[in-house]
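Notes for the one structure printed next.
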Amino acid sequence: MAAMEAAADAMLAAASRAFCSSVAVYFQIQGCCIALLLALGWAVASFVRKKEVRKMRRKMENGHSFAFLCDDVDELEHSVQEKLPRVSVIMPLKGLGEHNLQNWRTQITSLYGGPLEFLFVLESKDDPAYQAVTRLIVEYKDKLEAKVVIAGFSTTCSQKIHNQLIGVEKMHKDTKYVLFLDDDVRLHPGTVGALTKEMEKNPEIFIQTGYPLDLPSGSLGSYCIYEYHMPCSMGFATGGQTFFLWGGCMMMHADDFRQDLYGLVTGLKNGGYSDDMTLAAIAGQHKRLIWSPPVAVFPHPLASDLSFSRYWNYLRKQTFVLESYVSKVNWIMNRALFGVHCYLSWGFVCPYVMALVHIATTLRAPYSGIVKEAAESSCGLKLVSFLLICTLTELVSMWNLTRVEIQLCNMLSPEGQQDSLRSYNWGLVFVAVLVDNFLYPMSAFRSHFSQSINWSGIRYYLKDGKVFKIERENSSKYTDLGGKHLYGKKTHPSGKSLLSYLSISLAQWHQPKKYDI
């Protein structure tokens, strides 16, 4: 026993000395710098979102009660509303989950004054979402232009892209703008109007997008999802031009699809796996503008039973998109993202592993001469202290951005469910930061070498960056982050409350507090 203890002390002392070498110190300082860069990025993003909060508050204080809908109250005049362009909202559906009905209601009850149609696209009537969305449309039949479209099974691209393209084919002939939404997006009543206004104001916009604000359910898996999305949120908090695109909310010119501009329909249909990565690549190749307005941030409630295995499957799906591409330049960009993200992820985690050794050395030093000698000649505690300061700075910056985005979302949906920062567990956030960054490179390498992924019971195989084989395994019980049942019990909402205001040209907006699924 004493020999084993002496050996362990010797190993600990050797590790402590090794982690104080110039190379080790470099990696520890690098990890601290990564944390500080994240903190700076989130600080800038919170500044952009906070400006929008202040602007809305000033307008409300000046008597503009509908500042959450538009900047100028005159825009609500009937003469202005009747000139608004037609928008078609296309929503691919798959399965029925805990928050879907609530999300769908916020989408179909948009307070957009112009012609607005909703197309809910499913692969078949056997999907549990079919009965639920059909009942919802019947409930709102006098206030809503909507229909369910059965797309059939995809054979040349991902099912989501297939559903989107079928929806485009079925949209109204007078549609000017098409808005693609994921069914797990909780929309604000003024979102469609805000996005349309930006498109009208700047015809150079090729794609307009937004980004979700994750509302973790309490499980480690849900916090890992939240942590994964937070660094990406910086690219969408520019208040304008961006190079990033999120497939959960994309508004585009309908004529671009009718004319197959830049071959975007062809690129999506023939082997497309990821809608947003494909369209972002096309926009970059042709130097077209991607725009993200500051109000385009959407609450994204995560499933209460989101397990760690489902988080891992989601992470696999996210890293798998880097294996799909539409051009040589796109392939190079994806490989660069692959390398940089993997390096930064493990570069971020590395200092925490070394910090554990430094802390263990300090705690063991009073009981072992060899460890005490290593501790006295080590700079480990100084490095740990610096890492602690950087970590706290990073977490405070993440907390502040989340706080501001929750505040903005609550102001944009004043009659909707009000979210709170109190539900966040910041201890789990810290653990999730380490877990997610540790696992990302593993997921990326597995995606690279497997070239296949199972998503929602469908396995996709890639070859030369494109889907070339599809197998329907029907082995998944759940899909996506909302915990949607793929083959489970069909359900419908249990309660409701109604809000009616504004002019007759504005729709009614209905959002119940809770649903029983």
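The values are calculated or read from the model by the stated rules, or taken from the named source; none is laboratory data. From a predicted model like this one, the values you see are computed outputs, not experimental measurements. Backbone-built Cβ (ideal geometry, glycine too); neighbour counts: all protein chains shown. Only protein heavy atoms, including side chains, enter the accessible area calculation; ligands, DNA and RNA are left aside. Shrake-Rupley method; radii C 1.70, N 1.55, O 1.52, S 1.80 Å.
Numbers at a glance
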{"read-out": "Option label - volume of the Cα convex hull per residue in Å³ computed here, alternatives [x] 177; [y] 237; [z] 162", "value": "[z]"}
{"read-out": "Over the chain, relative contact order from alpha-carbon pairs under 8 Å, at least 6 apart, %", "value": "25 percent"}
{"read-out": "Segment 191-282, relative contact order [Cα under 8 Å, separation at least 6], %", "value": "28 percent"}
{"read-out": "Percent accessible area from carbon and sulfur atoms, segment 1-92, protein chains only, probe 1.4 Å", "value": "65 percent"}
{"read-out": "Three-way shape call for segment 291-442 based on the alpha-carbon gyration tensor, with the a/c threshold at 1.5", "value": "oblate"}
{"read-out": "Nearest 10 degrees, 0 to 90: helix 159-170 Cα axis against the chain principal axis", "value": "20 degrees"}
{"read-out": "Within-15-Å neighbourhood charge of Met230 [Cβ basis; K, R +1; D, E -1]", "value": "-3"}
{"read-out": "Gain upon complete extension [Lys469, Ser377; 0.36 nm per residue less C-alpha separation]", "value": "27.2 nm"}
{"read-out": "Contour minus Cα-Cα distance for Lys125 and Gln451 (0.36 nm per residue)", "value": "114.3 nm"}
{"read-out": "Residue pairs, from the table Lys269/Lys466; Lys50/Lys287; Lys94/Lys197, whose Cα atoms sit over 19 Å apart", "value": "Lys50/Lys287; Lys94/Lys197"}
{"read-out": "Estimated 222 nm signal from helices in the chain, with DSSP H stretches of n ≥ 4 weighted -39500 (n - 2.57), rounded to 500", "value": "-16500 deg cm²/dmol"}
{"read-out": "Low-density loop cleavage sites - trypsin sites (Lys or Arg not before Pro) in segment 168-222, where at most 16 other Cβ are within 10 Å (DSSP)", "value": "Lys173"}
{"read-out": "Around Gln241: net Lys/Arg minus Asp/Glu count, Cβ-Cβ under 14 Å", "value": "+1"}
{"read-out": "Equivalent ellipsoid dimensions for segment 87-225 as semi-axes, Å, which come from the Cα gyration tensor, largest first", "value": "23, 20, 17"}
{"read-out": "Residue-normalised accessible area of the chain, expressed per residue, 1.4 Å probe, Å²", "value": "43 Å²"}
{"read-out": "Carbon and sulfur %, accessible surface of segment 174-220 computed with the full protein complex present, 1.4 Å", "value": "51 percent"}
{"read-out": "Hull shadow area, averaged, segment 5-151 [alpha-carbon convex hull, nm²]", "value": "18.2 nm²"}
{"read-out": "Between segment 26-52 and segment 381-422, the alpha-carbon center distance in angstrom", "value": "12 Å"}
{"read-out": "Extent along principal axes [Cα atoms of segment 256-366; Å; largest to smallest]", "value": "75, 36, 30"}
{"read-out": "Computed lengthening from Met4 to His172, 0.36 nm per intervening residue step minus Cα-Cα distance", "value": "52.9 nm"}
{"read-out": "The chain, dipole about Cα centre (Lys/Arg Cβ +1, Asp/Glu Cβ -1), debye to the nearest 20", "value": "340 debye"}
{"read-out": "Shape box of segment 230-299 [Cα atoms, principal axes, largest first, Å]", "value": "32, 22, 22"}
{"read-out": "Antiparallel content of DSSP bridges confined to the chain, in %, to 5", "value": "50 percent"}
{"read-out": "Nearest 10 degrees, 0 to 90: helix 2-18 Cα axis against the chain principal axis", "value": "60 degrees"}
{"read-out": "Where the Cα pairs of segment 295-347 fall when distances are cut into 5 Å bins, in %", "value": "4, 15, 16, 18, 16, 19, 10, 2, 0"}
{"read-out": "0 to 90° range, to nearest 10: angle between helix 328-364 axis and the chain longest Cα axis", "value": "40 degrees"}
{"read-out": "Per-selection Rg to Rh, segment 164-309 - Cα, Kirkwood hydrodynamic radius", "value": "0.98"}
{"read-out": "Environment charge at Trp312 (Cβ cut-off 11 Å; Lys +1, Arg +1, Asp -1, Glu -1)", "value": "+3"}
{"read-out": "For segment 193-219 and segment 61-98, distance of Cα centres in Å", "value": "13 Å"}
